[in-house]
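Below is one structure; the comments refer to it alone.
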Amino acid sequence: MKILAIDTSAVAAGCAVCEDGTVLAESFLNRKLTHSQTILPMVEDMLKNCRLSLNEIDAFAVAAGPGSFTGLRIGISAVKAISFAGGKPAAGVSTLLALAYNLLGTRGIICPAMDARCGQVYTAAFRGTEASLERLIEDEAVPVEQLFSQLEGICQREELPVWFVGDGAALCYGRWEKEKPDFRAFLAPAARRFAHASSVALAAEQEKGLFGPAEELNPVYLRLPQAERELQEKTLCKKA
């Protein structure tokens, strides 16, 4: 099955085509450009270069969140339109799960971390082996201190090193080295640290139950947009 995947969940944007675990083509851009202007031309050029048409794609996948609120909407809207027009199934993949797939084959506790601002990270944790990922922490938005408390308990139980991946990985790794020197940790290589659409496609292919009708795709934010949070704070202040 050929899967075309899109990831616009963070600053970097990408698209890829995978078939039965093999990456056939991939395009990656990390230039802080507007995803709405770049992603569809990227898809068009990638398909042209690998001599494929949309009709030859069997299914579509997209990083559904967490991540940039605007970026998620752009990617999901693009996949919804393409898959709905072709009558093909689509999968919404956790951005954090896709980041963990960047390190598939690594033995350890794989901890994707995305900068959620306001002193928080979007994060999760997985036990990684040579061939699989087992979820240990569900997707969440938490302060770094809370993440470290969870990871410390896992490390004591598992006796495995932590691998940080994602755009918040360097921050977490630096603090972990200072605050948790008794527990081994590694920073994912730069080439695999950021979101890759090929990992979205591979996760969609290997995880069960992700594919469905395009109209069922929805972003996963994990927390309210900043404007809504500020409105809630103002409302609470007025009531007080």
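Values for this structure:
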quantity	calculated
Pairs where the first residue, in the stretch 163-189, is on the phi > 0 side of the Ramachandran plot and the second is of a type in the set (Gly, Ala, Ser) and assigned to a loop (DSSP other than H, G, I, E, B), C-beta under 9 Å, 6+ apart	Gly166/Ala10; Gly166/Ala188; Gly166/Ala195
Residue list for the stretch 90-134, restricted to those being closer than 20 Å to Glu152 by Cβ, in contact (Cβ under 8 Å) with a residue 60 or more places away in the chain and under 12 Å from the mean Cα position of the chain (by Cα)	Leu96, Ala100, Cys111, Tyr122
Conditions (1) in contact with a strand residue (DSSP E or B) (Cβ under 6 Å, 6 or more places away or on another chain); (2) exposed (fewer than 13 other Cβ atoms within 10 Å of the Cβ): number failed by Thr22	(1)
Residues (over 24 Å from Leu202 (Cα atoms), surrounded by 13 or more Cβ atoms within 10 Å (Cβ to Cβ) and of a type outside the set (A, V, I, L, M)) located in the stretch 109-148	Gln120, Pro143, Gln146, Phe148
Odd one out for Gly119 among (1) modelled with pLDDT of 95 or more; (2) over 17 Å from Ile137 (Cβ atoms); (3) among the small types (Gly, Ala, Ser)	(1)
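The values are calculated or read from the model by the stated rules, or taken from the named source; none is laboratory data. Remember, predicted model here, so these are calculated numbers, not experimental data. Counting neighbours? That spans all protein chains shown, and the Cβs are built from the backbone with ideal geometry, glycine included.
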